[in-house]
Structure formats: C-alpha cells, structure tokens
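The values are calculated or read from the model by the stated rules, or taken from the named source; none is laboratory data. Fair warning: this is a prediction, and the values are worked out from it, not measured in the lab. Every residue, glycine as well, gets a Cβ built from its backbone with ideal geometry; the counts of neighbours run over all protein chains shown.
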Amino acid sequence: MSEREKKLRFYATAPKAGAKKIHRFINGDFVPFWVATLRGKAVTLDSGRDLLTRDEAINEARAFRQSCRDDLAKIEGDP
C-alpha cells in the first residue's frame, strides 16, 4: 500500500466530520473563521475559501471525506 493510499484510507474512514474555530489577525482585528477537521486534522478541498459558519466547515469536512472515499475506490478498482 502506497503512502497516498494510507492517507486516503485515514481520512476516508474518519468516523466524524468536525469543525474548529480559529482567529486570524486582519486589519488590526482578530476575525473568527472555522476550519473543517477529520481526525483532528484541518482539511479542505478549496484552500482559498474562508468558512464563516460551523455548518459550512462540517459540510466541507464531509465533502473532503467523500472525495477521499471516491479516490480510494478508483485506486482499489484499478487492476
């Protein structure tokens, strides 16, 4: 099993999608944002997007997990 397959399996089998609140320093103020998490690690499909709500972050984590499942299925389906 390649390193990529191990990482895909790690995220594809994550039992729960989560979100964590972070703060960025923008124009002299701390601005809250949310990050999508799987197994305690921040994940994203689109790195340029700021997630403003917890629900957006959880949906992003779910989409990332599904993307890993799809990629893993493609790899395992190839002979």
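The set of residues from the stretch 58-79 being among the polar types (S, T, N, Q) and either farther than 24 Å from residue 1 by Cβ or part of a loop (DSSP other than H, G, I, E, B) (or both) comprises just one member, 59.
Does the stretch 45-57 contain at least one residue that is in a loop (DSSP other than H, G, I, E, B), modelled with pLDDT of 95 or more and among the hydrophobic types (A, V, I, L, M, F, W, C)? Show your work before the answer.
Of all residues in the stretch 45-57, those in a loop (DSSP other than H, G, I, E, B) come to 45-50, 52-53.
Now drop any that are not modelled with pLDDT of 95 or more, which leaves none.
The answer is no, given that none of the residues of the stretch 45-57 is in a loop (DSSP other than H, G, I, E, B), modelled with pLDDT of 95 or more and among the hydrophobic types (A, V, I, L, M, F, W, C).
Checked against (1) in a helix (DSSP H, G or I); (2) surrounded by 12 or more Cβ atoms within 10 Å (Cβ to Cβ), residue 4 meets all criteria but (2). Restricting attention to the stretch 45-79 and to residues that are in contact with a helix residue (DSSP H, G or I) (Cβ under 6 Å, 6 or more places away or on another chain) and free of Cβ contacts under 8 Å to residues at least 40 places away in the same chain, the residue that is surrounded by the most Cβ atoms within 10 Å (Cβ to Cβ) turns out to be 51. The listed residues are 36, 14, and the only one of them that is in contact with a strand residue (DSSP E or B) (Cβ under 9 Å, 6 or more places away or on another chain) and without any contact (Cβ under 8 Å) to a residue 40 or more places away in the chain turns out to be 36. Candidates in the stretch 19-44 are the residues that are assigned to a strand (DSSP E or B) and in contact with a helix residue (DSSP H, G or I) (Cβ under 7 Å, 6 or more places away or on another chain); of these, the one that is surrounded by the most Cβ atoms within 10 Å (Cβ to Cβ) is 36.
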